[in-house]
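Written below as structure tokens is the structure these notes are about.
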Amino acid sequence: MTENTRTPAGRRLLLACLTLALALVPAWTTTRAADAKTADLVYANWEEGIAYTHLARAVLEDKLGYTVTITAADVAPAYAAVAQGDKDAFMETWLPVLHKDYMERYKNDVIDLGHVFEGTESGLVVPRYMVEAGVRTISDLLKDEAKQRLRQTITGIDAGAGVMVTTENEVMPAYGLTDAGYTLLPSSGPAMMAALKQAMAKKEWIVVTGWKPHSMFGYWDLAFLEQDKDQVWGAGNIHITGRKTLREDKPELAKFLEKMQLTNSELGSLMVAINESKKDTLDAARDWMNENETVVARWLP
């Protein structure tokens with residue numbers, strides 16, 4: 001006991017401080033509980049991520065009583081936001097290849113919550129009629145006819161995406177595409193799909209950065225170009241990446257994201273349902289959730 005608390009005035013001051021501290025405990029506990037029932041998720045503007053992130057929001061809100069915020073962002077700022085603790089989780093980490101640089105950069109600031117989809121494939125994609133015309137491998141893009149008809153252009157998505165970084169920094173130099181004058185044209189997922197749709201309608205030649213899962217393979221007859229030299233792309237999984245303290249701060253949310261998994265047929269069904277629905281994305285995802293209760297039930301903590 002200090003000198004100040006030995007006097008009546010000192011003891012009254014100490015008692016007042018203790019009373020105030022105890023009074024704040026319920027409010028602090030309530031705030032912590034409220035925070036634990038929120039989810040702030042960030043996703044890339046890619047079809048599969050859009051689909052299952054909106055589905056995650058629907059399940060969290062309707063089944064678990066969460067207040068959910070979802071934000072679309074380019075890959076680089078998405079990782080930075082999670083690493084800095086501004087977002088709870090990034091919903092689309094492609095491993096082991098496409099996002100390996102991001103995971104290495106932020107390995108001390110994020111946690112891996114496991115895969116939401118197993119069996120990805122990435123690469124350069126062309127219409128089947130190009131394959132039938134003799135463009136079967138990445139090296140075939142060096143043929144004079146291919147360079148002319150493609151205008152030495154590869155149509156891509158957003159510049160920070162893993163498939164873009166890998167294509168520009170590894171694939172194009174390794175296969176001589178850079179030296180041959182090819183350029184990688186950044187755009188977005190929807191813009192790439194629009195360009196592909198237009199080319200397919202006119203039977204024009206086009207090569208795009210592509211991946212599975214994606215509904216493009218359901219709409220059109222497409223093929224990945226064979227990696228006939230360096231094997232840059234391989235099969236992998238899509239993971240969910242959380243901020244470092246998510247399991248401690250929001251254990252129920254972390255457990256839900258760890259258990260959330262979709263098969264190829266389930267995710268394909270979800271993407272088609274959203275694409276063909278006249279409702280907005282969240283309502284379409286909610287309809288799919290209500291029609292697939294057994295799938296959703298697997299994810300609930």
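General remarks:
- Strands (runs of 3 or more DSSP E) contained in segment 185-301 and holding at least 2 residues under 18 Å from the mean Cα position of the chain (by Cα) and not small (Gly, Ala, Ser): 208-212, 236-243
- Residues (under 19 Å from Gln231 (Cα atoms) and either among the small types (Gly, Ala, Ser) or within 29 Å of the chain's Cα centre (by Cα) (or both)) located in segment 137-153: Thr137, Ile138, Ser139
- Check on Leu98, under 28 Å from the mean Cα position of the chain (by Cα), hydrophobic (A, V, I, L, M, F, W, C), at pLDDT below 95 and crowded, with 16+ Cβ neighbours inside 10 Å: yes
- One residue alone among Ala273, Ala235, Ala297, Ala285 is touching a Gly at 6+ places or on another chain (Cβ under 7 Å) and either free of Cβ contacts under 8 Å to residues at least 24 places away in the same chain or among the aliphatic types (A, V, I, L, M) (or both), and that residue is Ala235.
- Sole exception among (1) surrounded by 18 or more Cβ atoms within 10 Å (Cβ to Cβ); (2) at pLDDT below 55 for Val82, by number: (2)
- Of the helices (runs of 4 or more DSSP H) entirely within segment 92-176, those holding at least 1 residues that are in contact with a strand residue (DSSP E or B) (Cβ under 8 Å, 6 or more places away or on another chain) occupy 100-105, 128-132, 162-166.
- Filter result (modelled with pLDDT under 95 and not small (Gly, Ala, Ser)) within segment 230-248: Asp230, Gln231, Val232, Trp233
The values are calculated or read from the model by the stated rules, or taken from the named source; none is laboratory data. Values in this document were obtained by computation on a predicted structure and should not be read as measured data. Ideal geometry is used to build each Cβ from the backbone, glycine not excepted, and the neighbour counts take in all protein chains shown.
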